[in-house]
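The values are calculated or read from the model by the stated rules, or taken from the named source; none is laboratory data. These figures come from a predicted structure and were not determined experimentally. Virtual Cβ from ideal backbone geometry, glycine too; neighbours counted across all protein chains shown. The protein model used for the area step is the full one, side chains on, heavy atoms only, and it has no ligands, DNA or RNA in it. Shrake-Rupley method; radii C 1.70, N 1.55, O 1.52, S 1.80 Å.
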Amino acid sequence: MINLVRITTFIVAIAMTLFSMFHIDANQELALAHRAYSKGDMDQAMRMARRANRASSETNKKTEAFYLQAQAASKLNWTKEAKAYLDQLLLLDQEHTQALLFRGELEYQLGEHQKALRDFDAGLPLASESMSSKTQAYFLTKRGLTLLALNQIEKAQSDALMALELATNLPEAHDLMSKVSEVKGDIKKALDECEQAYQLSLEKDKRSFMTPEGRKLSDRLLNLKVKYLRSQ
Amino acid sequence: MTESKQTTLLALSTWILVAFVIGLITGWIRYWIGYYVLLQGIVVGCSISWGVHKIATKQQPILSKAQFKISILLFFSFMMAQAVGFGLAQPRFNSLGWLSRIWEGQTVESVFGIFSTGGVAHHAFAEGLSGGFWLFLSLFDLAFMFFFLLITLPPKTTKSTS
């Protein structure tokens with residue numbers, strides 16, 4: 001009898017240990033993933049979001065987890081993986097505005113300009129209902145850059161103007177306008193807009209010139225100054 | 001190459017494979033579920049030698065003679081496989097990158113084991129560890145694993161009856 005008790009206790013203990021190891025509470029994991037993301041721990045954010053994703057069968061939970069996974073992967077510079085997560089998300093919800101625009105941005109980074117344009121065109125009309133004017137302006141500049149890469153300069157200029165109308169102080173919008181002006185041969189305007197973009201990004205964050213984007217912007221500003229002086 | 005050497009090499013390869021498979025599983029569990037300090041070391045050390053004993057039915061003398069060398073070989077095979085396991089569990093194969101980020105404090109590893117007992121210690125470690133203390137615990141666990149591997153690897157000696 002005592003042996004039976006021992007064996008039963010042992011088996012129950014093992015079962016409980018295994019249950020505690022493998023049982024995942026999707027809601028809790030998702031909350032932890034959000035907390036890790038806001039603390040800047042992208043690895044844990046992605047790990048917990050993936051755990052939540054596997055444990056959940058609800059569409060809204062899965063889309064939330066996929067979006068978080070994509071955000072964390074993007075911050076780790078894992079662009080392809082981030083895009084793959086958004087592909088999975090958009091299979092579940094084809095009208096997820098944030099996902100469409102974010103995927104467009106990633107596709108632009110990956111050089112898939114046609115695909116990026118398709119996603120921006122699908123996402124931007126939906127964004128007017130659900131996003132702030134600053135966010136809309138930000139994604140308009142991204143579409144403008146894509147159009148510029150596709151050599152559709154007039155449309156890119158139109159996006160730059162719309163973005164500036166929505167958010168006058170957005171550095172990205174001035175940067176786009178500068179690029180459009182440079183392509184059009186108006187170096188003076190390109191330089192002015194680039195200077196404004198640089199000043200605005202410094203106002204936003206004093207250390208922005210240390211970031212890769214900030215460095216690119218300051219290099220561009222320098223190049224434009226040289227170009228302008230040579231043209232005089 | 002003589003037949004006995006060939007047999008020994010084949011046996012050695014299968015032992016390494018055992019350590020490798022256990023390492024892969026451990027790496028995957030460690031990333032996905034968490035790190036059970038000490039428990040992992042004990043379970044892994046004993047599992048590898050159990051697996052080797054199951055296979056090495058005819059090579060018992062080799063295990064006795066070269067116990068230390070074989071333990072080191074299996075230990076490093078396990079370590080490599082564990083790193084591969086970390087990589088396979090992640091969306092991108094980046095195990096060394098992940099370990100370096102833990103060491104630099106950019107991320108944490110979920111650690112359980114003796115800290116899951118409750119109270120203040122549990123809350124302090126529930127969110128994971130990084131940096132020097134994480135490295136110390138990892139090395140401590142590896143030392144345990146190596147110790148258990150070393151003491152359980154030699155075949156059992158039968159007691160002589162006087």
Evaluated at 20 °C and 1.002 mPa s, the Stokes-Einstein D of the range A:134-232 based on the Kirkwood radius over Cα pairs, in µm²/s, stands at 161 µm²/s
Those GluC sites (Glu not before Pro) from the range A:84-181 that are DSSP loop and have at most 13 other Cβ neighbours within 10 Å turn out to be A:E95
Computed over all unlike Cα pairs, the Kirkwood hydrodynamic radius of the protein assembly as shown in Å stands at 25.3 Å
The set of residues whose placed amide H lies less than 5 Å from the amide H of B:V111, leaving out same-chain residues fewer than 5 positions away, is B:Y35, B:G128, B:L129
Here D for chain A, in µm²/s, from Stokes-Einstein with a Kirkwood Rh over Cα pairs at 10 °C and 1.306 mPa s, works out to 79 µm²/s
The answer for the per residue Cα convex hull volume of the range A:26-131, in Å³, is 89 Å³
Rg/Rh over Cα atoms for the range A:19-70, Kirkwood Rh, comes to 0.96
hull vol. (C-alpha, convex hull) per residue for the range B:45-92, Å³ -> 74 Å³
Longest principal axis of chain A (C-alpha) makes with the long axis of helix A:2-22 (C-alpha) an angle, in degrees to the nearest 10, of 10 degrees
Computed ³J(HN,Hα) along the range A:214-228: with the Karplus parameters 6.51/-1.76/1.60, θ = phi - 60°, integer Hz and x for glycine or proline, the list is x, 5, 4, 5, 5, 5, 5, 4, 4, 4, 5, 4, 4, 4, 5
Plugging the Cβ-Cβ distance of A:L110 and A:N27 into 1/(1 + (r/R0)^6) at R0 = 35 Å yields, to the nearest 0.05, a FRET efficiency of 0.60
The relative contact order of chain A, taking Cα pairs under 8 Å that sit 6 or more residues apart, comes to a percentage of 9 percent
Rounded to the nearest whole number, the Stokes-Einstein translational diffusion coefficient of the range A:94-139 at 37 °C and 0.692 mPa s (Kirkwood radius, C-alpha pairs) in µm²/s is 320 µm²/s
With a 28 Å threshold on alpha-carbon distance, the violating pairs from A:K115/A:K189; A:K83/A:K134; A:K39/A:K80; A:K75/A:K225; A:K142/A:K227 are A:K115/A:K189; A:K75/A:K225
Between chains B and A, total accessible area buried, probe 1.4 Å, no ligands or nucleic acids, nearest 100 Å², roughly 1700 Å²
Here the whole-number average of other chain Cβ atoms within 10 Å per Cβ of A:31-43 is 3
